[in-house]
Amino acid sequence: MKILKYFISKDFLKNIFLAIIITIIIIWLVMLCLKVYTRHGQSRAVPDLRGHTLVEAQKICKKNRLRYQIADSVYLAKQPKGVVIEQNPLPGSRVKKRRNIFLIVNAVNPELVDVPNIVGVSFRQAKALLESNGLLIGKLEYVRDIATNNVLNQKYRGIRIIPGSQIPKLSKIDLVLGNGFGNKKTYIPDIIGKRIDLVHDLLIESYCNLGTILYDNTINTKDDSLKAFVWKQFPEFNDNRSIKLGTYVDLWFTLNPDKISFSDSLSLSIEDAVKIK
């Protein structure tokens, strides 16, 4: 009975009430501290750092009360050196103050790779070996030899290169190949409608070289040239016609899709185009 009387006494009820009030206050203070610590509702848009140097990116991050961290670096020959090419989070994303923005930067100097020994192997094997080492095939030079499309020599910038030498990644290695004493032929590839970033590989696959590149008057800037496509080629595509190994194929580029439909009947001389070496 004494215990029951205590639980219904004013002192006990008063203590319970005070405990509830104190608990509510503690919970409120904890929530308030968490809100302040996490800056609830205080987000900001991530600026676009792509195309900026690290010095510029640092100033932009400081202005927006953000931080940056270099996550990786790559080498892209067609991009300006030392600039940001990718970022995470992406531009426009909402983040809290002092958030780290992870950057991928285009390296100032390309990565160096070893040149493999491809002398004595077939063209297909040489291509696979070069690509696995981060290198590309440049020009194909054919000489009289019984071993058709067998690599007789490898060159870099016109000079024979020793296997194991280190050169920049994505460099082009020229191949000296046998032509089967001139008895072997190849077929003309169909390049019409293809963009410039594809034509080299298509020609190489057909044992041909990229010849003269000609742009018409629809192409005025570098961006235009990257979007342009082939509307004419010489020698022209012909299923039944074969050509010598290593033949140079000249290409005409345009941004006008109408040219493809009547390119067979339209002749464009070298003097009518802008020659790009």
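Restricted to segment 224-254, and to residues there that are of a type in the set (Val, Ile, Thr), in contact with a Cys (Cβ under 8 Å, 6 or more places away or on another chain) and not in a loop (DSSP other than H, G, I, E, B), the residue that is surrounded by the most Cβ atoms within 10 Å (Cβ to Cβ) is VAL249. Which ones in segment 42-59 are under 20 Å from PRO80 (Cα atoms) and of a type outside the set (S, T, N, Q)? Listed by number, the residues that qualify are PRO47, ASP48, LEU49, ARG50, GLY51, HIS52, LEU54, VAL55, GLU56, ALA57, LYS59.
Which one of the conditions (1) within 30 Å of ASN153 (Cα to Cα); (2) part of a loop (DSSP other than H, G, I, E, B) does THR186 fail to meet, given that it meets all the rest? Only one criterion in (1) within 30 Å of ASN153 (Cα to Cα); (2) part of a loop (DSSP other than H, G, I, E, B) is unmet by THR186, namely (2). Being of a type outside the set (Asp, Glu) and surrounded by fewer than 16 Cβ atoms within 10 Å (Cβ to Cβ) is a description that does not apply to ILE188. Limited to segment 36-76, what total is found for residues that are at pLDDT below 85 and under 19 Å from ASN106 (Cα atoms)? So the count comes out to 2. Residues of segment 213-249 that are among the basic types (Lys, Arg) and free of Cβ contacts under 8 Å to residues at least 60 places away in the same chain: LYS222, LYS227, LYS232, ARG241. Across segment 44-74, the number of residues qualifying as in contact (Cβ under 8 Å) with a residue 40 or more places away in the chain and among the small types (Gly, Ala, Ser) comes to 2. A single entry from LYS194, LYS222, LYS172, LYS185 fulfils the requirement of being under 17 Å from GLY134 (Cα atoms) and among the basic types (Lys, Arg): LYS172.
Restricting segment 71-99 to residues that are in contact with a Phe, Trp or Tyr (Cβ under 8 Å, 6 or more places away or on another chain) and under 30 Å from LEU136 (Cα atoms), the residue that is surrounded by the fewest Cβ atoms within 10 Å (Cβ to Cβ) is ALA71.
The values are calculated or read from the model by the stated rules, or taken from the named source; none is laboratory data. Every value quoted in this text rests on a predicted model; they were computed, and no experiment measured them. Backbone-built Cβ (ideal geometry, glycine too); neighbour counts: all protein chains shown.
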